[in-house]
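Asker: Got a structure for you, questions after.
The values are calculated or read from the model by the stated rules, or taken from the named source; none is laboratory data. This structure is a prediction, so every number in the text was calculated from the model and none was measured. Every residue, glycine as well, gets a Cβ built from its backbone with ideal geometry; the counts of neighbours run over all protein chains shown.
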Amino acid sequence: MVEDEKALRSIAREFEEGFNSGDVDRIMRWYGDTYVDINLRQPVQTRAERREYYSRVMARPGIQLSVQPDDVLIRGDLAFVRGTILVTEGAGSDTERKRTELRYLEICERTTDGSWRVLWGMDGPVQEYVPR
């Protein structure tokens, strides 16, 4: 179980490094034939569609990600990874760059060879909530 959690956390690290270096192939190695992105109007994407999606996002000027998996829950051959993404965009000085903090949830599946693939995901901006 500890090895599985390490493997799932390393996917986040590989994703961050692949995204920030512009290496879409490094990102895509963690996806199967289809992926469900809950945030999209047409959520089910083929591998080629997901690759094109990332290529477009990564082409935005100055975009960089910091990905932190905060919690990993493994139930049999499924895993749920919850975490934080800090998106930094734009050119110029540090103060001119836009920063957005997101929370994400991904569902992963263990493959027959024991590795993990990301199946479903969603993210959204952090919302402030203070109970009364």
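Asker: Can you list residue pairs whose Cβ atoms sit under 7 Å apart, with the first residue in the stretch 112-132 being surrounded by 13 or more Cβ atoms within 10 Å (Cβ to Cβ) and the second being polar (S, T, N, Q)? Count only pairs 6 or more apart in sequence or on different chains.
Answerer: Pairs that qualify, where the first residue is surrounded by 13 or more Cβ atoms within 10 Å (Cβ to Cβ) and the partner is polar (S, T, N, Q), are 117/111; 122/39; 123/39.
Asker: Which of (1) out of contact with any strand residue (DSSP E or B) (no Cβ under 9 Å at 6 or more places or on another chain); (2) closer than 18 Å to residue 110 by Cβ is the odd one out, the single condition residue 22 does not satisfy?
Answerer: (2)
Asker: Still on this structure: List, please: which pairs have Cβ atoms under 7 Å, are six or more places apart or on different chains, and start with a residue in the stretch 24-51 that is small (Gly, Ala, Ser) and end with one that is outside any helix (DSSP H, G or I)?
Answerer: Matching pairs, first to second residue: 32/117; 32/119.
Asker: On to the next question. Checking residue 7 against (1) over 19 Å from residue 125 (Cα atoms); (2) free of Cβ contacts under 8 Å to residues at least 40 places away in the same chain; (3) of a type in the set (A, V, I, L, M), which single condition isn't satisfied?
Answerer: (2)
Asker: Also, I was wondering about something else. Please verify whether residue 103 is under 18 Å from residue 121 (Cα atoms), out of contact with any Pro (no Cβ under 6 Å at 6 or more places or on another chain), of a type in the set (Lys, Arg) and part of a strand (DSSP E or B), treating the condition exactly as stated.
Answerer: yes
Asker: What tally of residues in the stretch 107-126 results from selecting those that are assigned to a loop (DSSP other than H, G, I, E, B) and either over 20 Å from residue 88 (Cβ atoms) or modelled with pLDDT of 95 or more (or both)?
Answerer: 5
Asker: Tell me, yes or no, whether the stretch 29-50 has at least one residue that is modelled with pLDDT under 95, on the phi > 0 side of the Ramachandran plot and touching a strand residue (DSSP E or B) at 6+ places or on another chain (Cβ under 9 Å).
Answerer: No, that holds for no residue.
Asker: As an exercise: evaluate residue 8 against (1) in contact with a Leu (Cβ under 8 Å, 6 or more places away or on another chain); (2) of a type outside the set (Gly, Ala, Ser); (3) under 16 Å from residue 67 (Cα atoms) and give the number of the one condition it does not meet.
Answerer: It is condition (1) that residue 8 fails.
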